[in-house]
Amino acid sequence: NVFKGLSVERILRRLRFERYGRVLRFPQPAFRKIGSGEIIQMINAEVEPLGGFIGDAFALPVFQGGTLLVIFGFVLYQSVWLALAAIAFYPVQFWIVPKLQRKVNQLGKQRVRLARSRSERIGETVAGVTEIHAHNTARFELAEFSRRLGEIYYTRYDIYRWKFVIKFINNTVQALGPFFFYSIGGYLVIRGGLSFGALVAVLAAYKDLSPPWRELLNFYQLKEDSRIKDEQIV
């Protein structure tokens, strides 16, 4: 954990250093199209969430993936049919989750753009507050800022909806798996194809099969979210 924390800080430091170096190499006309608030948002705030992915980028897939393979190997050793029942719905998740995740990625890009625009607007307001007071346009500025907040609100609302649709599908698949698992296992025990003791051992192992799989799915979503953020920064 200490090593993961140090890795996060070192890579975040390197990312910020590289982004700042790129800003220094911008040609002069580029600064007419992009404001200081947007650049500050990118280098400071937008890089920070990448640390959550960096810390688990290698450790989590190796640990959770290894756990998943060991448990599946044990179930496979006991019964091929039960092993197939245990992972019967995993291909469905492999197929449908990436499709839904792409929708979340598009909304994530839009959210980042809106957040940058909001930061830039705040910077412009602070820089031009004298003119705002002189021309008495505070209400107009508030109305414009409220519109921007509304856009971000509904974008984030859509992200929540799609994320929890993915979670709903994952939970449904995880619930259907045990139904077929118990059905096939019980049928094999009744027909004498599997001993009762082996079934109990497999059921105990199966309970430990879902957590690593769920962690790997969460890791995939975090990876995609971090990838979008990094692309936006670059």
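The values are calculated or read from the model by the stated rules, or taken from the named source; none is laboratory data. Quick caveat, the model's predicted, so the values are computed rather than measured. As a convention, Cβ positions derive from the backbone with ideal geometry for all residues, glycine included, and neighbour counts pool all protein chains shown. Protein only, heavy atoms only, side chains kept; ligands, DNA and RNA dropped before computing areas. Shrake-Rupley method; radii C 1.70, N 1.55, O 1.52, S 1.80 Å.
Scanning region 25-72 for residues that are among the small types (G, A, S), over 23 Å from the mean Cα position of the chain (by Cα) and surrounded by 12 or more Cβ atoms within 10 Å (Cβ to Cβ) turns up G35, S36, G37. Screening region 82-99 for residues that are of a type in the set (A, V, I, L, M, F, W, C) and open to solvent by 80 Å² or more (accessible area, probe 1.4 Å) and picking the one that is farthest from K207 (Cα to Cα) gives W95. Being within 16 Å of D158 (Cα to Cα) and either open to solvent by 90 Å² or more (accessible area, probe 1.4 Å) or without any contact (Cβ under 8 Å) to a residue 60 or more places away in the chain (or both) is the filter here; which residues of region 105-133 pass it? Listed by number, the residues that qualify are Q106, L107, Q110, R111, R113, L114.
The helices (runs of 4 or more DSSP H) found entirely in region 1-60 that carry 3 or more residues being under 21 Å from R116 (Cα atoms) and at pLDDT 85 or above are 2-24.
If we scan region 171-184, do we find a residue that is under 18 Å from G73 (Cβ atoms), surrounded by 15 or more Cβ atoms within 10 Å (Cβ to Cβ) and in contact (Cβ under 8 Å) with a residue 40 or more places away in the chain? Yes, region 171-184 contains at least one residue that is under 18 Å from G73 (Cβ atoms), surrounded by 15 or more Cβ atoms within 10 Å (Cβ to Cβ) and in contact (Cβ under 8 Å) with a residue 40 or more places away in the chain. Determine, yes or no, whether R102 is assigned to a helix (DSSP H, G or I), open to solvent by 40 Å² or more (accessible area, probe 1.4 Å) and more than 28 Å from K167 (Cβ to Cβ). The answer is no for R102. Does S36 satisfy being within 21 Å of L222 (Cβ to Cβ), polar (S, T, N, Q), touching a residue at least 12 places away in the same chain (Cβ under 8 Å) and out of contact with any strand residue (DSSP E or B) (no Cβ under 7 Å at 6 or more places or on another chain)? No: the conditions fail for S36. For region 202-218, a tally of residues being open to solvent by 40 Å² or more (accessible area, probe 1.4 Å) and either of a type in the set (S, T, N, Q) or not in a helix (DSSP H, G or I) (or both) returns 2.
Among the residues of region 12-24, how many are over 25 Å from Q110 (Cα atoms) and either of a type outside the set (A, V, I, L, M) or open to solvent by less than 70 Å² (accessible area, probe 1.4 Å) (or both)?
Of all residues in region 12-24, those over 25 Å from Q110 (Cα atoms) come to 13-14, 17, 21, 24.
Now restrict to residues that are either of a type outside the set (A, V, I, L, M) or open to solvent by less than 70 Å² (accessible area, probe 1.4 Å) (or both): 13-14, 17, 21.
Residues that pass the stated criteria total 4.
Filtering region 134-143 to residues that are in a helix (DSSP H, G or I) and surrounded by 13 or more Cβ atoms within 10 Å (Cβ to Cβ) leaves only E141. So, L149, is that one within 30 Å of the chain's Cα centre (by Cα), open to solvent by 70 Å² or more (accessible area, probe 1.4 Å), under 23 Å from S36 (Cα atoms) and not hydroxyl-bearing (S, T, Y) or not? For L149, the condition - within 30 Å of the chain's Cα centre (by Cα), open to solvent by 70 Å² or more (accessible area, probe 1.4 Å), under 23 Å from S36 (Cα atoms) and not hydroxyl-bearing (S, T, Y) - is met. Of everything listed in (1) surrounded by 13 or more Cβ atoms within 10 Å (Cβ to Cβ); (2) more than 21 Å from G108 (Cβ to Cβ), the single unmet condition for N1 is (1).
Checked against (1) over 20 Å from the mean Cα position of the chain (by Cα); (2) of a type in the set (S, T, Y); (3) open to solvent by less than 60 Å² (accessible area, probe 1.4 Å), S7 passes all but condition (1).
Within region 188-198, the set of residues being open to solvent by 20 Å² or more (accessible area, probe 1.4 Å) and either touching a Leu at 6+ places or on another chain (Cβ under 9 Å) or of a type in the set (A, V, I, L, M) (or both) comprises L188, V189, I190.
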